[in-house]
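**Student:** Have a look at this one before I ask anything.
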Amino acid sequence: MKINMKKRAFTFLMILVMVIGLVACGSKTIAGNYKLTEIESYGEKMSVEDLASLLGMDIDMTLNLKSDKSFVWDTGFWGEDESIIGSWQIEGDSLILIVEGEELSGTFDGKSINMDFEGEIFIFEKQ
(Lines give C-alpha, C1' and ligand atoms only; values in the text may rest on other atoms or scores of the structure.)
Protein backbone atom coordinates (compact mmCIF):
# COMPACT_ATOMS: atom_id res chain seq x y z
CA MET A 1 0.00 0.00 0.00
CA LYS A 2 2.88 2.40 0.77
CA ILE A 3 4.33 1.91 -2.71
CA ASN A 4 0.98 2.72 -4.33
CA MET A 5 0.72 6.00 -2.31
CA LYS A 6 4.28 6.94 -3.29
CA LYS A 7 3.44 6.35 -6.96
CA ARG A 8 0.33 8.52 -6.66
CA ALA A 9 2.25 11.29 -4.92
CA PHE A 10 5.01 11.11 -7.53
CA THR A 11 2.46 11.17 -10.39
CA PHE A 12 0.69 14.16 -8.81
CA LEU A 13 3.99 16.04 -8.45
CA MET A 14 4.94 15.33 -12.08
CA ILE A 15 1.56 16.60 -13.31
CA LEU A 16 1.93 19.71 -11.14
CA VAL A 17 5.41 20.40 -12.56
CA MET A 18 4.12 20.05 -16.15
CA VAL A 19 1.15 22.37 -15.51
CA ILE A 20 3.39 25.01 -13.92
CA GLY A 21 5.78 24.71 -16.88
CA LEU A 22 2.98 25.21 -19.39
CA VAL A 23 1.62 28.23 -17.52
CA ALA A 24 5.09 29.79 -17.30
CA CYS A 25 5.72 29.26 -21.02
CA GLY A 26 2.33 30.64 -21.98
CA SER A 27 2.88 33.86 -20.08
CA LYS A 28 5.75 34.83 -22.39
CA THR A 29 4.04 34.22 -25.71
CA ILE A 30 5.36 36.80 -28.14
CA ALA A 31 2.86 36.44 -31.01
CA GLY A 32 0.26 39.22 -30.92
CA ASN A 33 -0.40 42.90 -31.60
CA TYR A 34 1.85 45.63 -30.22
CA LYS A 35 1.46 49.41 -30.30
CA LEU A 36 4.26 51.97 -30.14
CA THR A 37 3.93 53.74 -26.78
CA GLU A 38 7.33 55.35 -26.15
CA ILE A 39 10.52 56.38 -27.90
CA GLU A 40 13.84 56.63 -26.07
CA SER A 41 16.68 58.76 -27.39
CA TYR A 42 19.95 59.56 -25.61
CA GLY A 43 18.54 58.07 -22.39
CA GLU A 44 15.40 60.24 -22.44
CA LYS A 45 11.98 58.63 -22.88
CA MET A 46 8.99 60.36 -24.44
CA SER A 47 5.48 59.01 -24.87
CA VAL A 48 4.13 58.78 -28.40
CA GLU A 49 1.34 61.19 -27.45
CA ASP A 50 3.84 63.81 -26.23
CA LEU A 51 6.02 63.36 -29.32
CA ALA A 52 2.98 63.67 -31.62
CA SER A 53 1.92 66.86 -29.83
CA LEU A 54 5.44 68.29 -30.05
CA LEU A 55 5.65 67.54 -33.78
CA GLY A 56 2.05 68.50 -34.49
CA MET A 57 1.16 65.21 -36.19
CA ASP A 58 -0.43 61.86 -35.51
CA ILE A 59 1.82 58.89 -34.85
CA ASP A 60 0.23 55.46 -35.13
CA MET A 61 2.63 52.55 -35.34
CA THR A 62 1.69 48.92 -34.72
CA LEU A 63 3.58 45.66 -34.95
CA ASN A 64 1.70 42.40 -35.48
CA LEU A 65 3.82 39.31 -34.81
CA LYS A 66 1.98 36.31 -36.19
CA SER A 67 2.28 32.77 -34.86
CA ASP A 68 3.58 31.59 -38.27
CA LYS A 69 6.73 33.71 -37.64
CA SER A 70 5.71 36.46 -40.09
CA PHE A 71 5.01 40.06 -39.11
CA VAL A 72 3.31 43.19 -40.40
CA TRP A 73 4.63 46.52 -39.18
CA ASP A 74 2.17 49.32 -39.90
CA THR A 75 3.77 52.74 -39.67
CA GLY A 76 1.97 56.03 -39.51
CA PHE A 77 4.33 59.02 -39.66
CA TRP A 78 4.00 62.32 -41.46
CA GLY A 79 0.48 61.47 -42.60
CA GLU A 80 1.63 58.49 -44.66
CA ASP A 81 0.81 54.88 -43.85
CA GLU A 82 3.13 52.11 -44.88
CA SER A 83 3.20 48.39 -44.11
CA ILE A 84 6.46 46.51 -43.77
CA ILE A 85 6.25 42.74 -44.06
CA GLY A 86 8.85 40.22 -42.98
CA SER A 87 9.64 37.33 -40.66
CA TRP A 88 10.74 37.18 -37.05
CA GLN A 89 12.69 34.90 -34.77
CA ILE A 90 13.38 34.89 -31.05
CA GLU A 91 16.13 33.38 -28.92
CA GLY A 92 15.68 33.93 -25.20
CA ASP A 93 14.74 37.58 -24.91
CA SER A 94 16.41 38.62 -28.20
CA LEU A 95 13.99 39.38 -31.05
CA ILE A 96 15.10 39.71 -34.66
CA LEU A 97 12.87 41.11 -37.40
CA ILE A 98 14.00 40.19 -40.92
CA VAL A 99 12.99 42.43 -43.83
CA GLU A 100 14.37 41.72 -47.31
CA GLY A 101 17.48 40.07 -45.84
CA GLU A 102 18.15 42.90 -43.37
CA GLU A 103 17.94 42.18 -39.64
CA LEU A 104 16.56 44.55 -36.99
CA SER A 105 17.41 43.67 -33.38
CA GLY A 106 15.27 44.08 -30.31
CA THR A 107 14.34 42.54 -26.99
CA PHE A 108 11.16 41.04 -25.54
CA ASP A 109 10.44 41.04 -21.79
CA GLY A 110 7.14 39.17 -21.79
CA LYS A 111 4.89 42.18 -22.40
CA SER A 112 6.82 44.73 -24.43
CA ILE A 113 9.23 44.86 -27.37
CA ASN A 114 12.13 47.29 -27.53
CA MET A 115 13.50 47.81 -31.05
CA ASP A 116 16.87 49.56 -31.41
CA PHE A 117 17.36 51.78 -34.48
CA GLU A 118 20.91 53.11 -34.21
CA GLY A 119 20.44 54.27 -30.62
CA GLU A 120 16.77 55.22 -30.90
CA ILE A 121 14.67 52.74 -28.91
CA PHE A 122 11.07 52.20 -30.03
CA ILE A 123 9.00 50.65 -27.21
CA PHE A 124 5.95 48.62 -28.24
CA GLU A 125 3.43 47.40 -25.64
CA LYS A 126 1.34 44.27 -26.18
CA GLN A 127 -2.34 45.09 -26.78
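Results for (1) among the β-branched types (Val, Ile, Thr); (2) without any contact (Cβ under 8 Å) to a residue 24 or more places away in the chain; (3) out of contact with any helix residue (DSSP H, G or I) (no Cβ under 8 Å at 6 or more places or on another chain), shown as yes or no for each residue.
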| position | (1), (2), (3) |
| --- | --- |
| ILE39 | yes, no, no |
| SER47 | no, yes, yes |
| ASP74 | no, yes, yes |
| ILE85 | yes, yes, yes |
| GLU91 | no, yes, yes |
| THR107 | yes, yes, yes |
| SER112 | no, no, yes |
| GLU118 | no, yes, yes |
| ILE121 | yes, no, yes |
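**Student:** Is it the case that some residue within segment 8-15 is basic (Lys, Arg), assigned to a helix (DSSP H, G or I), exposed (fewer than 13 other Cβ atoms within 10 Å of the Cβ) and at pLDDT below 50?
**Tutor:** no
The values are calculated or read from the model by the stated rules, or taken from the named source; none is laboratory data. A quick note: this is a predicted structure, and the numbers were derived from the prediction, not measured. Cβ atoms come from the backbone with ideal geometry, glycine included; neighbour counts cover every protein chain shown.
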